[in-house]
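Enquirer: Here it is, the structure in full.
The values are calculated or read from the model by the stated rules, or taken from the named source; none is laboratory data. Everything numeric in this text was worked out from a predicted model, so none of it was measured. Ideal geometry is used to build each Cβ from the backbone, glycine not excepted, and the neighbour counts take in all protein chains shown.
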Amino acid sequence: MRGNAVNHPKSDPSSVKHPGAQWRLMSAYERFEQLVVIALSLIIAAVILIALLQLCRSLLPLLITGALDPLDHGVFQSVFGSIFTVLIALEFKHSIIRPALRRNSVVQVRTVLLIALLALSRKFVILDTLTTPASTIAALGFATLVLGVVCWLLGKRDLSAQD
């Protein structure tokens, strides 16, 4: 904890030895919040599993037959677009699990921004530059730049807060 904050069992989960004791110390809303986080975590885990199975189902036949050509632009877009989808879902699940473990009480803004940057990176990978208007590509590039700058500013703020 920072500053002169007094360690209190409710504010410092590491001081609680038994998980049931931590549950008893929570308010009704905190318990509700925990249940929602667990439910969302299970739903996202199912989505991740389905996306991973779909990825394997589409890639395995290509690998077995030797038809997978990563130098083919369409194959590259499809494969890495699917991989990015799984990575984005994993990061999203991680951002939801953190509050459940009581490391942080709310989802961190920086994590949401990083997920958005991952999503934009995926968009650039799967983007068909021949059919996408230049204005759309420019807008996506500008959004990426802005998100990157905001992440950088938040990182600088976090570093200065630690001093």
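Enquirer: I'm checking my understanding of the structure. Among residues of the range 109-143 that are under 16 Å from the mean Cα position of the chain (by Cα) and among the polar types (S, T, N, Q), which one is farthest from Val79 (Cα to Cα)?
Expert: Step by step, filter the range 109-143, then rank; the result is Thr111.
Enquirer: Say whether the condition of being at pLDDT below 80, farther than 21 Å from Ala119 by Cβ and hydroxyl-bearing (Ser, Thr, Tyr) is met by at least one residue in the range 85-106.
Expert: Checked against the condition, which is being at pLDDT below 80, farther than 21 Å from Ala119 by Cβ and hydroxyl-bearing (Ser, Thr, Tyr), the range 85-106 yields at least one hit.
Condition check ((1) surrounded by fewer than 12 Cβ atoms within 10 Å (Cβ to Cβ); (2) at pLDDT below 80; (3) touching a Pro at 6+ places or on another chain (Cβ under 8 Å)) across all residues:
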site	(1), (2), (3)
Gly3	yes, yes, no
Ala28	yes, no, no
Ala39	yes, no, no
Ala46	yes, no, no
Leu55	no, no, no
Ser58	no, no, no
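Enquirer: Would you confirm whether or not the range 30-37 contains a residue that is modelled with pLDDT under 85, surrounded by 14 or more Cβ atoms within 10 Å (Cβ to Cβ), out of contact with any strand residue (DSSP E or B) (no Cβ under 8 Å at 6 or more places or on another chain) and within 30 Å of Ala139 (Cα to Cα)?
Expert: No, because not a single residue in the range 30-37 is modelled with pLDDT under 85, surrounded by 14 or more Cβ atoms within 10 Å (Cβ to Cβ), out of contact with any strand residue (DSSP E or B) (no Cβ under 8 Å at 6 or more places or on another chain) and within 30 Å of Ala139 (Cα to Cα).
Enquirer: Ile50 passes all but one of (1) surrounded by fewer than 16 Cβ atoms within 10 Å (Cβ to Cβ); (2) touching a residue at least 40 places away in the same chain (Cβ under 8 Å); which number fails?
Expert: The number of the failed condition is (2).
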